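So the structure is just underneath, and the comments pick up after that.
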Amino acid sequence: MKQITTIGIIGGGQLGMMLCEAARELGYKTAVLDPAERPSAAYVCDHYVQGNFDDIAALRHLATLADVITYEFENIPYHIVQQLITEGAYIPQTEQPLYVTQHRLREKNAIRAANLPTAPFFAVQNYQQLISAFEQLGTPAILKTCFGGYDGKGQWRIESQTDAQQLQHLFDGTTAYVLEQRLLLAQEVSCVVTCSTNGDLQAFPLGENVHRNGILHYTTAPAQLPDSLAAQATQMAISLMQYLGFVGTLAVELFIDTNNQIYINELAPRPHNSGHHTIEACNVSQYANHIRAITGQPLIVPKLTSATLMLNIIGDEYHTLSQLFTKGHFHDYHKTVKPNRKMAHITFLGDDVASLKQQVGL
Ligand SMILES: Nc1ncnc2c1ncn2[C@@H]1O[C@H](COP(=O)(O)OP(=O)(O)O)[C@@H](O)[C@H]1O
Ligand SMILES: [Mg+2]
């Protein structure tokens with residue numbers, strides 16, 4: 001294999017930014033492609049290419065700058081990645097993780113095929129199917145678009161038959177959905193799993209996630225759950241990665257219901273917001289192990305070195321919570337403030353999760 005000097009990253013958001021930072025620490029140069037004029041990663045990368053994710057000329061330019069290419073965003077058209085590979089670009093992850101995870105139904109079917117639990121769901125293509133799925137699942141339910149949903153967008157909560165009837169306008173014959181049973185959740189956790197091109201596979205300790213308005217508010221670790229449950233959740237994430245055979249990073253979001261049943265919610269084929277704390281609270285970050293994975297290096301066995309709380313700074317909190325910025329490890333994404341936009345995060349380290357929550361006022 002040719003020597004790797006420069007890592008190409010498709011997508012230049014905060015995940016791309018932190019991948020660049022990890023790559024640099026490991027001695028690599030970085031080249032980033034993103035549609036925005038100056039996204040987060042443009043502040044830290046060595047080469048910046050502005051271009052849409054389906055702009056094959058721009059992607060070819062990225063490929064000339066990079067010895068290996070990865071992605072930080074699952075909604076990149078997978079066929080474009082496939083084409084780049086056909087043209088000789090080295091993308092060890094392939095387009096397969098994008099193909100599976102950018103479509104909610106494909107993703108859920110893959111989890112089922114791996115014999116792992118999901119919340120009961122049905123594919124819904126039209127209004128008749130919605131009503132019939134709703135009759136089988138009962139209330140409460142949640143309708144989700146198959147493509148492009150994130151941070152709670154593209155989701156509709158259904159409490160009654162009337163709610164379901166009011167969603168008729170969504171069905172224009174082109175959009176695909178899944179209807180899911182809404183579970184009574186006790187906790188939400190996530191597990192980041194990394195697999196190197198050499199087959200080395202490692203899982204990070206679980207993070208525990210709290211959402212607000214459908215957006216991740218904060219993550220704490222260690223997750224406050226019995227060891228046996230934590231081991232079971234971690235094993236599910238590892239089994240799924242092994243079943244899928246992906247290279248790179250797979251972030252697995254899991255639900256734990258009030259009966260201690262574990263379900264896999266959704267997947268991301270990239271580092272994840274709920275793994276930001278690994279930069280300071282683990283012996284290796286999710287970003288560093290990802291870079292190691294795609295460059296064929298052995299992975300570091302991840303261990304939590306401190307209790308931690310990672311707080312997302314969302315929208316206007318960039319102003320209202322600025323007094324917290326110097327109290328922890330502050331990561332600025334260099335964005336202009338917009339409602340619901342992830343602007344920055346702060347990672348706090350301490351003796352235990354309870355006192356960290358208290359310190360931050362949560
Ligand atoms: N089936 C469900 N039962 C209970 N809560 C759910 C369910 N699906 C989603 N949620 C809640 O909504 C949040 C966002 O849903 P998710 O499927 O992860 O979509 P997104 O792509 O927006 O992250 C979850 O983290 C969880 O809090
Ligand atoms: Mg989610």
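The values are calculated or read from the model by the stated rules, or taken from the named source; none is laboratory data. Just so we're clear, the structure is a prediction, and the values are computed from it rather than from any experiment. Neighbour counts are summed over all protein chains in view; Cβ atoms, including those assigned to glycine, are modelled from backbone coordinates with ideal geometry.
Tell me, please, whether a residue that is in a strand (DSSP E or B), in the same structural domain as Leu240 (by TED's automatic domain parsing) and farther than 24 Å from Arg341 by Cβ can be found in the stretch 166-177.
Within the stretch 166-177, not a single residue is in a strand (DSSP E or B), in the same structural domain as Leu240 (by TED's automatic domain parsing) and farther than 24 Å from Arg341 by Cβ.
Which of the residues belonging to the stretch 158-174 are surrounded by fewer than 18 Cβ atoms within 10 Å (Cβ to Cβ), closer than 30 Å to Val210 by Cβ and away from ligand 1 (no atom under 13 Å from the Cβ)?
Ser160, Asp163, Gln166, Leu170 - these are the residues of the stretch 158-174 that are surrounded by fewer than 18 Cβ atoms within 10 Å (Cβ to Cβ), closer than 30 Å to Val210 by Cβ and away from ligand 1 (no atom under 13 Å from the Cβ).
Please enumerate the residues belonging to the stretch 197-232 that are of a type in the set (Ser, Thr, Tyr) and surrounded by 15 or more Cβ atoms within 10 Å (Cβ to Cβ).
Matches in the stretch 197-232: Thr197, Tyr218, Thr219, Thr220.
Looking only at residues that are under 30 Å from Gly315 (Cα atoms) and buried (at least 16 other Cβ atoms within 10 Å of the Cβ) in the stretch 121-148, which one is nearest to ligand 2 (Cβ to nearest atom)?
Checked the stretch 121-148; the qualifying residue nearest to ligand 2 (Cβ to nearest atom) is Lys144.
Check off (1) within 25 Å of Asp332 (Cα to Cα); (2) away from ligand 1 (no atom under 16 Å from the Cβ); (3) of a type outside the set (Lys, Arg); (4) surrounded by fewer than 23 Cβ atoms within 10 Å (Cβ to Cβ) for Gln235 and give me the number that stays unchecked.
Gln235 satisfies all of (1) within 25 Å of Asp332 (Cα to Cα); (2) away from ligand 1 (no atom under 16 Å from the Cβ); (3) of a type outside the set (Lys, Arg); (4) surrounded by fewer than 23 Cβ atoms within 10 Å (Cβ to Cβ) except (1).
Among the strands (runs of 3 or more DSSP E) confined wholly to the stretch 297-359, which include 2 or more residues that are over 20 Å from the mean Cα position of the chain (by Cα) and more than 30 Å from Glu37 (Cα to Cα)?
Passing ranges, in order: 342-350.
Restricting attention to the stretch 54-102, report how many residues are part of a loop (DSSP other than H, G, I, E, B) and under 26 Å from Gln3 (Cα atoms).
Count: 13.
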